[in-house]
């Protein structure tokens with residue numbers, strides 16, 4: 001290698017201050033801890049996510065976990081935000097449909113599938129699995145971002161005059177979300193029988209909501 005190439009490589013290096021390197025290491029460690037907690041959440045459920053069990057899985061002291069997240073609720077908030085990303089990914093993968101009725105049915109199906117595929121995340125986010133955890137403003141905004149596609153399809157239907165203007169978009173989204181969540185929550189609590197029975201109730205509820213918002217015109 002020539003002296004010019006060595007000089008060029010040296011000049012292309014990005015030097016980091018001690019504080020920058022320390023911050024990067026801290027963020028990497030936070031991610032590893034959240035990954036360990038997420039694994040416990042998925043494998044054993046929300047009740048397994050304790051600072052002690054996460055530290056055991058990481059092979060470190062509980063003091064390190066506390067120094068990074070202050071308490072269990074701080075760790076729960078990171079898991080909540082991860083759950084928002086998973087929910088957003090489910091909605092983004094939902095098949096698009098020109099017909100708003102079909103599009104809303106598709107989004108409703110995605111919400112059910114999220115509850116099935118990521119049941120532990122669902123219980124953490126919407127089921128009160130961590131009694132002392134209340135989502136802060138950033139976490140709530142993460143939920144809004146995840147629900148963006150539902151917000152968009154309802155908003156467009158309102159603009160086209162397909163949904164009466166008695167309610168604002170946010171109120172409609174809350175009504176839809178609360179209704180569908182109610183079915184999932186009852187199922188998770190063992191009140192709707194097996195998964196097939198619960199899914200049938202969910203689909204009927206979804207259909208009633210969508211057709212009440214977007215009534216199909218008779219030919």
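The values are calculated or read from the model by the stated rules, or taken from the named source; none is laboratory data. Fair warning: this is a prediction, and the values are worked out from it, not measured in the lab. Because the Cβ atoms are built from the backbone with ideal geometry, glycine has one as well, and the counts that use them run over all protein chains shown.
The table below gives the values:
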{"quantity": "Count - residues of region 59-76 that are closer than 23 Å to residue 122 by Cα and buried (at least 20 other Cβ atoms within 10 Å of the Cβ)", "calculated": "3"}
{"quantity": "Members of region 161-171 that are in a helix (DSSP H, G or I) and surrounded by 15 or more Cβ atoms within 10 Å (Cβ to Cβ)", "calculated": "169"}
{"quantity": "Among (1) loosely packed, with under 15 Cβ neighbours inside 10 Å; (2) touching a helix residue (DSSP H, G or I) at 6+ places or on another chain (Cβ under 7 Å); (3) touching a residue at least 40 places away in the same chain (Cβ under 8 Å) - the single one residue 87 does not satisfy", "calculated": "(1)"}
{"quantity": "Residue list for region 172-219, restricted to those being at pLDDT 90 or above, loosely packed, with under 11 Cβ neighbours inside 10 Å and closer than 24 Å to residue 155 by Cβ", "calculated": "178, 212"}
